[in-house]
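> I'd like to ask some things about the structure below.
The values are calculated or read from the model by the stated rules, or taken from the named source; none is laboratory data. All values derive from a computational prediction rather than experimental measurement. Here the Cβ is made from the backbone with ideal geometry for all residues, glycine too, and neighbour counts use every protein chain on show. Ligands, DNA and RNA are stripped out before the accessible areas are found, and what is left, the full protein with its side chains, is counted by its heavy atoms. Shrake-Rupley method; radii C 1.70, N 1.55, O 1.52, S 1.80 Å.
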Amino acid sequence: SYPGQDMGNHPYGYRYHNPYDAPSLGWGLVGFIIPVAGLILYLIWKDESPLKAKSCLQGFIASIVLEVVCFLCLCSMMSY
């Protein structure tokens, strides 16, 4: 095994580890403020930078959940 490589579930027995990959509040906020961008970044980075990709996905999910909750609150208020 070479430095920077991780023996994982790769078809050839190794997986490259990106040294710049880390969870990021900034990318999570991007996914929260612009959900479509968060989803796209997740799909782009999910293999090469899984920790950054997860941050984007978490921001995306949080945004969608907040939108659904606000929509349900608005609907319940309008029904009275």
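> Taking θ as phi - 60°, what are the ³J(HN,Hα) couplings along the range 36-45 by the Karplus curve (6.51, -1.76, 1.60), each to the nearest whole Hz, with x for Gly and Pro?
5, 5, x, 5, 5, 5, 4, 5, 6, 9
> Might you tell me the accessible area per residue for the range 24-80, computed with a 1.4 Å probe and given in Å²?
Averaged over the residues of the range 24-80, the accessible area is 71 Å².
> Place the peptides 65-77, 44-56 in order of packing, highest mean first, counting for every residue the other Cβ atoms within 10 Å and averaging per peptide.
Descending packing order for the listed peptides: 44-56, 65-77.
> Here is a follow-up. Assuming a ≥ b ≥ c are the square roots of the Cα gyration tensor eigenvalues, decide whether the range 15-55 counts as rounded (a/c under 1.5), prolate (otherwise, with a/b larger than b/c) or oblate.
Oblate, because a/c is 1.5 or more while a/b does not exceed b/c.
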